[in-house]
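Have a look at the structure below, then the notes.
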Amino acid sequence: NPEKRSEIEELGVNVIARDVSRESIDDLPTDFDIVFHQLVILYESDVDPQKTVDVNTYFTGRLIDHCRDMGHLVMASTGGVYRASLDYDKETDAPGPVGWYATSKLGMEHLGTYLCQKHEIPAVILRYYWPYGKEQGRVTRMMKSIVKGEKIQISSTQEDRYQPIHITDLSYLTMRALMVTSQDVPVYNMAGPEEVT
(Lines give C-alpha, C1' and ligand atoms only; values in the text may rest on other atoms or scores of the structure.)
Protein backbone atom coordinates (compact mmCIF):
# COMPACT_ATOMS: atom_id res chain seq x y z
CA ASN A 1 0.00 0.00 0.00
CA PRO A 2 1.95 3.04 -1.26
CA GLU A 3 -0.01 5.43 1.00
CA LYS A 4 0.81 3.41 4.13
CA ARG A 5 4.42 3.02 3.00
CA SER A 6 4.83 6.80 2.69
CA GLU A 7 3.24 7.27 6.10
CA ILE A 8 5.66 4.77 7.67
CA GLU A 9 8.71 6.19 5.90
CA GLU A 10 7.82 9.68 7.16
CA LEU A 11 8.29 8.25 10.67
CA GLY A 12 11.87 7.33 9.76
CA VAL A 13 11.31 3.63 8.96
CA ASN A 14 13.39 2.10 6.16
CA VAL A 15 10.92 -0.04 4.20
CA ILE A 16 12.31 -2.88 2.09
CA ALA A 17 9.61 -4.79 0.21
CA ARG A 18 10.29 -8.39 -0.82
CA ASP A 19 8.28 -11.29 -2.17
CA VAL A 20 10.04 -13.91 -0.07
CA SER A 21 8.47 -16.72 -2.08
CA ARG A 22 10.53 -15.59 -5.10
CA GLU A 23 13.21 -13.15 -3.93
CA SER A 24 16.33 -13.62 -1.83
CA ILE A 25 17.06 -11.78 1.42
CA ASP A 26 20.82 -12.37 1.15
CA ASP A 27 21.55 -8.68 0.56
CA LEU A 28 19.67 -7.50 3.67
CA PRO A 29 21.45 -6.52 6.89
CA THR A 30 22.05 -9.31 9.40
CA ASP A 31 22.64 -7.45 12.68
CA PHE A 32 19.12 -6.63 13.85
CA ASP A 33 18.55 -6.02 17.56
CA ILE A 34 14.99 -7.33 17.29
CA VAL A 35 13.13 -9.24 14.59
CA PHE A 36 9.33 -9.45 14.65
CA HIS A 37 8.51 -12.32 12.30
CA GLN A 38 4.89 -11.73 11.23
CA LEU A 39 4.98 -13.15 7.71
CA VAL A 40 2.14 -15.47 6.71
CA ILE A 41 0.09 -16.82 3.84
CA LEU A 42 -3.34 -17.27 5.37
CA TYR A 43 -6.41 -16.84 3.19
CA GLU A 44 -5.12 -18.73 0.15
CA SER A 45 -3.04 -21.28 2.04
CA ASP A 46 -4.85 -24.30 0.59
CA VAL A 47 -4.62 -23.03 -3.01
CA ASP A 48 -0.87 -23.68 -3.28
CA PRO A 49 0.25 -25.83 -0.34
CA GLN A 50 3.89 -25.90 -1.44
CA LYS A 51 4.09 -22.11 -1.53
CA THR A 52 2.33 -21.96 1.85
CA VAL A 53 4.89 -24.29 3.44
CA ASP A 54 7.76 -22.46 1.75
CA VAL A 55 6.63 -19.07 3.06
CA ASN A 56 5.09 -20.02 6.42
CA THR A 57 7.66 -22.64 7.44
CA TYR A 58 10.87 -22.68 5.41
CA PHE A 59 11.26 -18.90 5.18
CA THR A 60 11.57 -18.88 8.97
CA GLY A 61 14.67 -21.04 8.59
CA ARG A 62 16.12 -18.74 5.94
CA LEU A 63 15.35 -15.69 8.08
CA ILE A 64 16.94 -17.09 11.24
CA ASP A 65 20.01 -18.35 9.38
CA HIS A 66 20.44 -14.95 7.73
CA CYS A 67 19.89 -12.94 10.93
CA ARG A 68 21.50 -15.38 13.40
CA ASP A 69 23.29 -12.46 15.11
CA MET A 70 19.97 -10.82 16.05
CA GLY A 71 19.30 -9.91 19.67
CA HIS A 72 15.72 -11.22 20.01
CA LEU A 73 13.10 -12.91 17.83
CA VAL A 74 9.32 -12.74 18.23
CA MET A 75 7.50 -15.26 16.01
CA ALA A 76 3.80 -15.02 15.21
CA SER A 77 1.89 -18.28 15.03
CA THR A 78 -1.78 -19.21 15.40
CA GLY A 79 -4.18 -20.79 17.84
CA GLY A 80 -5.15 -22.95 14.87
CA VAL A 81 -2.28 -25.30 15.72
CA TYR A 82 -4.48 -26.91 18.41
CA ARG A 83 -7.02 -29.69 17.92
CA ALA A 84 -10.60 -28.56 17.37
CA SER A 85 -12.22 -28.32 20.79
CA LEU A 86 -14.88 -26.44 22.71
CA ASP A 87 -12.46 -26.02 25.61
CA TYR A 88 -9.95 -23.22 25.95
CA ASP A 89 -6.56 -24.22 24.62
CA LYS A 90 -3.56 -24.26 26.93
CA GLU A 91 -0.04 -23.87 25.65
CA THR A 92 0.67 -27.40 26.86
CA ASP A 93 -2.23 -28.96 24.90
CA ALA A 94 -1.35 -31.34 22.08
CA PRO A 95 -1.36 -29.81 18.62
CA GLY A 96 -3.71 -31.04 15.92
CA PRO A 97 -3.72 -28.51 13.11
CA VAL A 98 -6.22 -28.75 10.26
CA GLY A 99 -5.36 -27.33 6.83
CA TRP A 100 -2.14 -26.06 5.33
CA TYR A 101 -2.15 -22.72 7.15
CA ALA A 102 -2.15 -24.15 10.67
CA THR A 103 0.07 -27.09 9.72
CA SER A 104 2.68 -24.80 8.16
CA LYS A 105 2.63 -22.51 11.22
CA LEU A 106 3.21 -25.48 13.54
CA GLY A 107 6.14 -26.41 11.29
CA MET A 108 7.41 -22.83 11.68
CA GLU A 109 7.27 -23.18 15.46
CA HIS A 110 9.36 -26.36 15.44
CA LEU A 111 11.90 -25.13 12.90
CA GLY A 112 12.16 -21.73 14.58
CA THR A 113 12.64 -23.27 18.02
CA TYR A 114 15.35 -25.61 16.76
CA LEU A 115 17.31 -22.86 15.00
CA CYS A 116 16.96 -20.36 17.86
CA GLN A 117 18.36 -22.92 20.26
CA LYS A 118 21.13 -23.82 17.82
CA HIS A 119 22.15 -20.17 17.34
CA GLU A 120 21.40 -19.21 20.98
CA ILE A 121 18.84 -16.59 20.02
CA PRO A 122 16.35 -15.54 22.74
CA ALA A 123 12.92 -15.96 21.18
CA VAL A 124 9.21 -16.36 21.91
CA ILE A 125 6.29 -17.82 19.92
CA LEU A 126 2.93 -16.05 20.10
CA ARG A 127 -0.17 -17.98 19.04
CA TYR A 128 -2.68 -15.34 17.92
CA TYR A 129 -6.43 -15.88 18.29
CA TRP A 130 -8.78 -13.92 16.07
CA PRO A 131 -7.00 -10.56 15.73
CA TYR A 132 -9.19 -7.90 14.18
CA GLY A 133 -9.12 -4.25 13.26
CA LYS A 134 -10.98 -1.77 11.10
CA GLU A 135 -9.91 -3.48 7.88
CA GLN A 136 -8.67 -6.95 8.82
CA GLY A 137 -9.58 -10.12 10.63
CA ARG A 138 -12.18 -12.84 10.36
CA VAL A 139 -14.53 -11.17 12.84
CA THR A 140 -14.37 -7.90 10.85
CA ARG A 141 -15.04 -9.73 7.57
CA MET A 142 -18.02 -11.54 9.14
CA MET A 143 -19.47 -8.27 10.45
CA LYS A 144 -19.13 -6.63 7.02
CA SER A 145 -20.88 -9.61 5.42
CA ILE A 146 -23.73 -9.41 7.94
CA VAL A 147 -24.16 -5.68 7.28
CA LYS A 148 -24.35 -6.41 3.53
CA GLY A 149 -26.85 -9.22 4.08
CA GLU A 150 -24.39 -11.83 2.79
CA LYS A 151 -24.09 -15.37 4.07
CA ILE A 152 -21.36 -16.16 6.55
CA GLN A 153 -19.68 -19.52 7.00
CA ILE A 154 -20.13 -21.26 10.34
CA SER A 155 -19.32 -24.74 11.54
CA SER A 156 -21.96 -27.43 11.03
CA THR A 157 -20.51 -29.64 13.78
CA GLN A 158 -19.89 -27.27 16.68
CA GLU A 159 -20.67 -23.76 17.84
CA ASP A 160 -18.15 -21.27 16.49
CA ARG A 161 -16.55 -19.49 19.44
CA TYR A 162 -14.04 -16.67 19.28
CA GLN A 163 -11.82 -14.75 21.66
CA PRO A 164 -11.12 -11.74 19.43
CA ILE A 165 -8.34 -9.31 20.24
CA HIS A 166 -8.03 -5.87 18.67
CA ILE A 167 -4.91 -5.37 16.58
CA THR A 168 -3.85 -2.40 18.73
CA ASP A 169 -3.89 -4.54 21.88
CA LEU A 170 -2.18 -7.39 20.06
CA SER A 171 0.56 -5.07 18.79
CA TYR A 172 1.17 -3.80 22.31
CA LEU A 173 1.37 -7.35 23.71
CA THR A 174 3.60 -8.46 20.85
CA MET A 175 6.11 -5.74 21.72
CA ARG A 176 5.84 -6.59 25.44
CA ALA A 177 6.70 -10.20 24.57
CA LEU A 178 10.31 -9.05 24.23
CA MET A 179 10.42 -9.23 28.02
CA VAL A 180 9.91 -13.02 27.95
CA THR A 181 12.17 -14.12 25.10
CA SER A 182 14.39 -17.03 26.04
CA GLN A 183 16.59 -19.63 24.38
CA ASP A 184 14.03 -22.15 25.64
CA VAL A 185 11.57 -20.38 23.24
CA PRO A 186 8.38 -20.18 25.33
CA VAL A 187 4.92 -20.25 23.70
CA TYR A 188 2.05 -17.93 24.69
CA ASN A 189 -1.56 -17.83 23.53
CA MET A 190 -2.67 -14.30 22.61
CA ALA A 191 -6.43 -13.73 22.79
CA GLY A 192 -9.01 -11.29 23.97
CA PRO A 193 -10.51 -11.66 27.47
CA GLU A 194 -14.08 -12.39 26.27
CA GLU A 195 -15.47 -15.33 24.38
CA VAL A 196 -18.13 -14.60 21.76
CA THR A 197 -20.18 -16.83 19.44
Scan the range 86-113 for residues that are more than 14 Å from His37 (Cα to Cα), of a type in the set (Asp, Glu) and surrounded by 13 or more Cβ atoms within 10 Å (Cβ to Cβ) and report the count. 2
List the residue pairs whose Cβ atoms are under 8 Å apart, where the first residue sits in the range 135-149 and is on the phi < 0 side of the Ramachandran plot, the second is open to solvent by less than 70 Å² (accessible area, probe 1.4 Å) and assigned to a loop (DSSP other than H, G, I, E, B), and the two are 6 or more positions apart or on different chains. Val139/Pro164; Thr140/Gly133; Met142/Ile152; Ser145/Ile152; Ile146/Ile152
The listed residue being in contact (Cβ under 8 Å) with a residue 12 or more places away in the chain and either more than 15 Å from the chain's Cα centre (by Cα) or part of a strand (DSSP E or B) (or both), out of Leu106, Leu178, Leu111: Leu178
Per-region count, the range 114-159, residues farther than 22 Å from Asp33 by Cβ, in a helix (DSSP H, G or I) and either touching a His at 6+ places or on another chain (Cβ under 6 Å) or of a type in the set (Lys, Arg) (or both): 4
For residues that are exposed (fewer than 14 other Cβ atoms within 10 Å of the Cβ) and closer than 17 Å to Ser182 by Cα, tally how many sit in the range 59-75. 1
I'd like to know if the range 130-142 contains one or more residues that are more than 15 Å from the chain's Cα centre (by Cα) and closer than 16 Å to Glu195 by Cβ. yes
Top-ranked residue of the range 114-129 - restricted to ones that are in contact (Cβ under 8 Å) with a residue 60 or more places away in the chain and more than 15 Å from the chain's Cα centre (by Cα), ranked as surrounded by the most Cβ atoms within 10 Å (Cβ to Cβ): Cys116
Working only within the range 142-175, note down all residues that are open to solvent by 70 Å² or more (accessible area, probe 1.4 Å) and among the hydroxyl-bearing types (Ser, Thr, Tyr). Ser156, Thr157, Thr168, Tyr172
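Here's the yes/no breakdown for (1) open to solvent by 80 Å² or more (accessible area, probe 1.4 Å); (2) farther than 30 Å from Pro193 by Cβ; (3) out of contact with any Cys (no Cβ under 8 Å at 6 or more places or on another chain); (4) at pLDDT 95 or above:
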position	(1), (2), (3), (4)
Glu3	yes, yes, yes, no
Val15	no, yes, yes, no
Ile41	no, no, yes, no
Ser45	no, no, yes, no
Thr57	no, yes, yes, yes
Ser77	no, no, yes, yes
Gly80	no, no, yes, no
Ala84	yes, no, yes, no
Is there a residue in the range 19-31 that is under 22 Å from His119 (Cβ atoms), small (Gly, Ala, Ser) and open to solvent by less than 30 Å² (accessible area, probe 1.4 Å)? no
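The values are calculated or read from the model by the stated rules, or taken from the named source; none is laboratory data. For clarity, every value in this text was computed on a predicted model and none was experimentally measured. Cβ atoms come from the backbone with ideal geometry, glycine included; neighbour counts cover every protein chain shown. Keep in mind that these areas ignore ligands, DNA and RNA; they rest on the heavy atoms of the full protein, side chains included. Shrake-Rupley method; radii C 1.70, N 1.55, O 1.52, S 1.80 Å.
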